[in-house]
Each structure stands twice: as structure tokens, then as C-alpha cells.
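See below for the structure under consideration.
The values are calculated or read from the model by the stated rules, or taken from the named source; none is laboratory data. Source: prediction; values computed, not measured. With ideal geometry, Cβ positions are generated from the backbone for all residues, glycine too; neighbour counts draw on all protein chains shown. SASA here: full protein model, heavy atoms, side chains in, ligands and nucleic acids out. Shrake-Rupley method; radii C 1.70, N 1.55, O 1.52, S 1.80 Å.
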Amino acid sequence: MPLRIDVITIFPDYFAPLQLSLMGKAQQSGLVTIAIHDLREFTSDRHRSVDDTPYGGGAGMVMTPEPWGQAIDAVVTDQSTLIVPTPAGKLFSQPVAAELAHSTHLIFACGRYEGIDQRVVEYYRPRIDVRELSIGDYVLAGGDVATLAMIEASVRLVPGVLGNPESLVEESHQLPGVEYPSYTKPPTWRGLDVPEVLLSGHHDQIARWRAEQSTIRTTHNRPDLLPGS
Ligand SMILES: O=C(OCc1ccccc1)c1cn[nH]c1
């Protein structure tokens, strides 16, 4: 059963990169189908407006619910998962990407401005799986870039998309923490040598060195990922 993804956005051109490289091949392989929908196609006024001023005051504009209701109704089934990228969402992560990779149908609602009228989430929550997801603690101008990141992270985990599942095995069996540093040819570059152990052929020493490098790097860059933290 291929994974179907529908993206609803006011900037369809943001998703041109999905036709390239791994994402493009995934679509050609039939493992994934991705459709992009322009939210303005679902407006009914002459100005094709999608936003209005916020109730309760405050700066910025809020996206009105009706175009979203029309657009989501056009693609939704009882198997759909509606994903709303927002800084206020639960944190997207590799385990969440793995879950999405095994879904049947994902609908991404890319909000702009201050976000989408919350009643859109409230309306669909009793009907389908609705997930407000954040890709990190910073604010983007819209959900489009977050959606690209979540699609790329999820689609690469769809069985058959990655030519070499080997790279997934290492990723999933990785020690808690970040990856060890990688090196390739030439053995010396601008006076810098590749760590000797990596050229030694001693696989147990290499594994030990990599584990140690992962711990050093995690301690320095991501102490929050250290076991027991
Ligand atoms: O900025 C983001 O989404 C766009 C957005 C949606 C709703 C209101 C403001 C901005 C975002 C940041 N981390 N994850 C998502």
C-alpha cells in the first residue's frame, strides 16, 4: 500500500524540491504519491482571501477556517492523518518520522501568518488522527519548510525508498546520542590526517573509537541525549 501525501499550502512552488533526487525517485517508484494543493483554489471570494484579523486582538493575521475545511474535505478519508506544523506542537522526531512512514495517508496543512483558526484542528480531531507538530523551537514564516523536513524524514523511512537499508540499520542501532565523525579519501588533506585507527582494519578498535567519538560529541553538542539525562 503506497503512502499518499497531500500538502495544502498557499505556496505550492515551495514543494518543487520534492520532485528531485530521493523524493523524486520515491514517487517514480510508486512507493509514495505526493500531491500539492493551492489553498486559494478553495476560497470563494473575488480576492481569494485566506486570512483575517484575530479575535481578541493582537498583531498579525489568522488563517480563516472555511478554505481549510473545503481543502481538507476534498482529500480526507477515514484513514487520513492531518498534520499541522506549528511551534506550539509536539516535537517531531525520528520515532515520529517512522510512525508517519507507516501511515496510509498524510495531509499536511501549511499555515502562514500567525497560524490557522484552531477550530480546524477541533473539527477534524474527533474524526481522524490530528497531530500538531513542531520541528524545533524557532518560528518560521509558515509551515511549508517544516512540512518539507517532515516529508523528507518520513519518506526516506518508507520501506524500499532508500536503496541501501544498511544505512537505516546503523541509524536505528545507534548508541543514544549523536553520530561519530566520518572520513573518506584522501588520507591526508591540507595537512590533516584521517584518524589512524580507521585505516587499521581492526574492526573492534574502530567500533570502540566510534563509540567514544559519539559520546564525546554528544557530551559537547547534545548532553540532553546522554543516557540518564
Ligand atoms: O514556524 C513553524 O511553523 C509555521 C507556523 C505555523 C503556525 C504559526 C506560526 C508559524 C514551526 C517552527 N517549528 N515547527 C514549526
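Return the total of residues in the stretch 1-21 being surrounded by fewer than 14 Cβ atoms within 10 Å (Cβ to Cβ) and assigned to a helix (DSSP H, G or I).
Residues flagged as surrounded by fewer than 14 Cβ atoms within 10 Å (Cβ to Cβ) and assigned to a helix (DSSP H, G or I) within the stretch 1-21 amount to 5.
Out of ARG210, ARG112, ARG119, I need the residue that is assigned by the TED database to the domain that holds MET63, open to solvent by 70 Å² or more (accessible area, probe 1.4 Å) and of a type outside the set (Asp, Glu). Which one?
Just one listed residue meets the conditions, ARG119.
So, SER167, is that one polar (S, T, N, Q) and within 17 Å of the chain's Cα centre (by Cα) or not?
no
Would you point out the residue of the stretch 59-85, among those that are within 16 Å of ILE10 (Cβ to Cβ) and part of a strand (DSSP E or B), that is most open to solvent (accessible area, probe 1.4 Å)?
Filtering first and then ranking leaves VAL62.
Report whether or not HIS47 is open to solvent by 60 Å² or more (accessible area, probe 1.4 Å), without any contact (Cβ under 8 Å) to a residue 40 or more places away in the chain and either in the same structural domain as ILE107 (by the TED database) or under 24 Å from ILE128 (Cβ atoms) (or both).
Judged against the criteria, HIS47 is a match.
In the set ILE128, ILE83, ILE107, which member is within 11 Å of the ligand (Cβ to nearest atom) and either under 20 Å from VAL32 (Cβ atoms) or not assigned by the TED database to the domain that holds ARG156 (or both)?
Step by step, each of ILE128, ILE83, ILE107 is checked, and only ILE83 is within 11 Å of the ligand (Cβ to nearest atom) and either under 20 Å from VAL32 (Cβ atoms) or not assigned by the TED database to the domain that holds ARG156 (or both).
Just a yes or no: is a residue in the stretch 132-143 touching an Asp or Glu at 6+ places or on another chain (Cβ under 8 Å) and either open to solvent by 50 Å² or more (accessible area, probe 1.4 Å) or within 7 Å of the ligand (Cβ to nearest atom) (or both)?
Scanning the stretch 132-143, I find no residue that is touching an Asp or Glu at 6+ places or on another chain (Cβ under 8 Å) and either open to solvent by 50 Å² or more (accessible area, probe 1.4 Å) or within 7 Å of the ligand (Cβ to nearest atom) (or both), so the answer is no.
Any residue that is in the same structural domain as GLN27 (by the TED database) and either under 21 Å from ILE34 (Cβ atoms) or more than 16 Å from the ligand (Cβ to nearest atom) (or both) - is there at least one of those in the stretch 57-64?
Within the stretch 57-64, one or more residues are in the same structural domain as GLN27 (by the TED database) and either under 21 Å from ILE34 (Cβ atoms) or more than 16 Å from the ligand (Cβ to nearest atom) (or both).
Are any of the residues in the stretch 86-97 more than 15 Å from the ligand (Cβ to nearest atom) and part of a helix (DSSP H, G or I)?
yes
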